[in-house]
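The values are calculated or read from the model by the stated rules, or taken from the named source; none is laboratory data. Since the model is a prediction, treat every value here as computed from it, not as a measurement. Because the Cβ atoms are built from the backbone with ideal geometry, glycine has one as well, and the counts that use them run over all protein chains shown. Protein only, heavy atoms only, side chains kept; ligands, DNA and RNA dropped before computing areas. Shrake-Rupley method; radii C 1.70, N 1.55, O 1.52, S 1.80 Å.
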Amino acid sequence: MDLTGFPGLAPFLDPAALAIVGGGTALTVILRTPLADLGRGLAAIAVLPRRRFDAGPLLAQVASLHRIARRHGVVALDRSVIADPDLAAAVTAIVDGAGPEDVTALLAERRQARSERHRGAFELWTGAAEAAPALGMVGTLIGLVLMFTRMRDPAAIGAAMAVALLATLYGALLANLIALPIAVRLKRRARQELHERARLEAPLAALAALAPQRDLKDYAA
């Protein structure tokens, strides 16, 4: 690595310590995380710069679906274009005859499944934050062993001591400046999204309650 423009950083960079901490942390996370959660955890990084989930547009769409159902019946909702998967599943169930309790249970089930997916994503980074300091200590022990076995070679002692000290530093930085902040932000976003999605339950249950009313009108006609 060319550090010509940053001579002050040269003492703090050691490839061996980086390999022990970075590679060891990555291997630990891979071994302890299911493949699906591993993919979600890595893909979740792209979500962080985006705006937080807001149920407002979905609530407006539900209100529009209410107007359609009142005029043409819930069967007409089958032609609606709905991008959100939870909302689409609820509307499909309503068209198929699901009642308010069924829709509420469906949304709760989907919200729980979503919560588990979110948990898998942020637990990957929580695990990395836990593993990094431990791998830093492993690097320190390796450096100390190398240092004690090379006591007669002053040049080799310096390199081994660098591994011992910098591995601990890398473990602390990786845990506290990268992995843990990502985990906390993902957890906060997941909690906020689940709270927002809970706002959809009452309007969709009310939409499901329109179906029997419409059926009675058709029967009376």
message: Could you check region 12-33 and list, in sequence order, the residues that are free of Cβ contacts under 8 Å to residues at least 24 places away in the same chain, open to solvent by 90 Å² or more (accessible area, probe 1.4 Å) and more than 15 Å from Ala179 (Cβ to Cβ)?
response: Pro15, Leu31
query: Does Ala93 qualify as being surrounded by 11 or more Cβ atoms within 10 Å (Cβ to Cβ), among the aliphatic types (A, V, I, L, M), over 13 Å from Pro203 (Cβ atoms) and under 31 Å from the mean Cα position of the chain (by Cα)?
result: yes
message: Contact list please: Cβ distance under 8 Å, first residue in region 173-190 and free of Cβ contacts under 8 Å to residues at least 12 places away in the same chain and more than 17 Å from Val29 (Cα to Cα), second residue open to solvent by 50 Å² or more (accessible area, probe 1.4 Å) and part of a helix (DSSP H, G or I), pairs at least six apart or on different chains.
response: none
- prompt: Restricting attention to region 169-180, does a residue exist that is open to solvent by less than 30 Å² (accessible area, probe 1.4 Å), out of contact with any helix residue (DSSP H, G or I) (no Cβ under 7 Å at 6 or more places or on another chain) and among the small types (Gly, Ala, Ser)?
  reply: no
- request: Select the helices (runs of 4 or more DSSP H) contained entirely in region 1-119, then report the ones holding at least 1 residues which are under 23 Å from Leu186 (Cβ atoms) and touching a Leu at 6+ places or on another chain (Cβ under 8 Å).
  value: 24-32, 35-43, 56-72, 85-95
query: Before we move on, is Ala76 open to solvent by less than 30 Å² (accessible area, probe 1.4 Å) and small (Gly, Ala, Ser)?
result: yes
- request: Return yes when Arg52 is closer than 20 Å to Ile182 by Cα and in contact with a Lys or Arg (Cβ under 7 Å, 6 or more places away or on another chain) and no when it is not.
  value: yes
message: Taking the criterion of being under 27 Å from Pro203 (Cα atoms) and surrounded by 15 or more Cβ atoms within 10 Å (Cβ to Cβ), would at least one residue in region 34-54 satisfy it?
response: yes
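In the list Glu101, Glu130, which residue meets the criterion of being out of contact with any strand residue (DSSP E or B) (no Cβ under 9 Å at 6 or more places or on another chain), surrounded by fewer than 13 Cβ atoms within 10 Å (Cβ to Cβ) and acidic (Asp, Glu)? So that I can check it myself, show each step before the final result.
Numbers: Glu130 fails: surrounded by fewer than 13 Cβ atoms within 10 Å (Cβ to Cβ).
Of the residues listed, the single one that is out of contact with any strand residue (DSSP E or B) (no Cβ under 9 Å at 6 or more places or on another chain), surrounded by fewer than 13 Cβ atoms within 10 Å (Cβ to Cβ) and acidic (Asp, Glu) is Glu101.
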